[in-house]
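What follows draws every value from the coordinates through simple rules; no lab data is involved. Bear in mind the structure is a predicted one, so any value in this text is a computation, not a measurement. Here the Cβ is made from the backbone with ideal geometry for all residues, glycine too, and neighbour counts use every protein chain on show.
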Amino acid sequence: MSQISSICDSGQDSHIIVIPARDEEKTIRTVIEGIKSIHPQEEVVVVDDASTDATAAVAQAAGAKVLSLALRLGAWGAIQTGIRYALETGCQTVITMDADGQHEPAYVNALIQPILTGQADVVIGACPDRVSRARRYAWSYFRLLTGLKLEDITSGFRAYNFAAIKILASAEASLIDYQDVGVLLILRRKGLRTVEVQVPMGIRTTGVSRVFSSWWVVANYMLQTSLLCIARVGSGKLLKFHRNI
Amino acid sequence: MVTYQLTSTLIGLGIAISILLLVRRDHMRGTYAVWWLCAATIALLLGIFPKVFDKWAASLGVGYPPVLALVLGLGLILIKMLTMDLERSHQERKIRRLAQRLAILEARPQMSDADAAGVDNDTEAL
């Protein structure tokens with residue numbers, strides 16, 4: 001495997017923060033600076049999902065490593081790019097955060113703690129109170145379909161260990177569109193342990209959710225995810241999932 | 001008077017010739033060309049011998065033979081559409097991984113000879 005110079009080349013406990021970003025020039029600098037102020041040693045990788053604004057330039061100027069996608073791949077496609085980069089550079093842990101400033105960098109350590117202590121392979125920073133009642137109903141519906149016991153299945157604030165990185169970097173995970181149920185189902189099928197850590201989240205200051213941007217997008221998302229859940233019925237359901245530590 | 005057999009033969013011949021011309025002009029990849037050449041042969045044979053359907057329909061208990069032809073034709077079209085979507089999904093996966101790979105390669109500050117050699121090997125990892 002060819003190597004790219006990265007902070008991950010330096011040690012066993014290395015980790016990077018991956019931020020998928022599309023047209024986030026207004027917030028990306030604040031997010032990167034917020035991370036750097038608390039975790040100056042962390043490598044921040046911004047995956048620019050074919051933005052039409054200056055997201056890539058702003059992120060680079062703020063000190064992030066920028067991976068620019070030539071095609072718009074969506075949120076998961078961008079995150080997977082960061083995960084593949086992490087695998088290539090030998091990183092042991094990947095933390096994913098949104099580019100809109102909702103996630104607090106101060107909780108990165110809390111997020112990776114269960115991985116460092118060997119309690120989990122994947123950690124989700126959960127904040128179920130942040131969403132509307134309608135979205136909570138949607139989560140309940142997906143929990144019912146999949147048997148997942150997790151509270152916040154759409155949170156983009158996550159940490160993956162090396163075992164999860166290897167699985168999620170594979171071609172098997174390349175046709176997923178969102179970093180939620182599809183990713184969790186693959187991880188469950190492979191027998192990885194996922195836990196949730198309660199974290200506070202801020203309010204989105206700009207832009208809109210990619211999933212909940214319009215009723216049409218929501219309907220499409222619900223239909224696609226339902227089909228994905230139904231297609232996976234019984235797949236790895238016996239594997240144990242933990243919640244809320 | 002134009003007979004039913006002549007009409008079906010002409011239709012079968014037209015379809016077969018069109019497909020053969022497209023294959024001959026390299027407008028289609030090998031795998032697809034094989035499918036369509038088979039389709040052309042079947043269209044031609046059934047065009048020349050339309051009575052075959054009468055026999056098949058009788059043996060399968062279908063009262064009106066043209067219905068059998070339509071159902072079989074629709075079934076084959078559905079199979080073809082299914083394989084097309086499978087192929088499209090396969091290509092979509094490859095395109096996504098290619099775009100990701102490109103983004104990672106572009107992020108390299110400088111590519112050494114060793115890295116350049118690695119790129120060739122990386123194509124397997126797409």
Open item on the list: If you scale each eigenvalue of the Cα gyration tensor by 5 and take the root, what three semi-axes come out for the range B:26-97, rounded to whole angstrom and sorted largest first?
Closed with: 33, 16, 6
Task: FRET efficiency, B:Leu72 to A:Arg143 (Cβ-Cβ, R0 45 Å, nearest 0.05) - done: 0.50
Task: Ascending count of other beta-carbon atoms within 10 Å, so fewest first, for A:Ser51, A:Ser226, A:Ser14 - done: A:Ser226, A:Ser14, A:Ser51
Open item on the list: Here is the link list: A:Lys36/A:Lys166; A:Lys149/B:Lys80; B:Lys55/B:Lys80; A:Lys36/B:Lys94. Which ones come out longer than 29 Å on Cα distance?
Closed with: A:Lys149/B:Lys80; A:Lys36/B:Lys94
TODO: Give the order of A:His103, A:His15, B:His90 when sorted by the count of other beta carbons within 10 angstrom, beginning with the fewest.
DONE: B:His90, A:His15, A:His103
- [ ] Run a plain Debye calculation on the range A:99-198 (Cα atoms as equal point scatterers, no solvent) and give log10 I(q)/I(0) at q = 0.11, 0.13, 0.17 Å⁻¹, rounded to two decimals, same order as the q list.
- [x] -0.32, -0.46, -0.80
- [ ] Would you mind giving the average projected area, over all directions, of the Cα convex hull of the range A:149-192 in nm² with one decimal?
- [x] 3.1
Open item on the list: From the convex hull of the Cα coordinates of the range A:12-83, what is the mean projected area in square nanometres?
Closed with: 4.6
TODO: Determine Rg/Rh for the range A:128-174; Rg is computed over alpha-carbon atoms and Rh is the Kirkwood hydrodynamic estimate from the same atoms.
DONE: 1.06
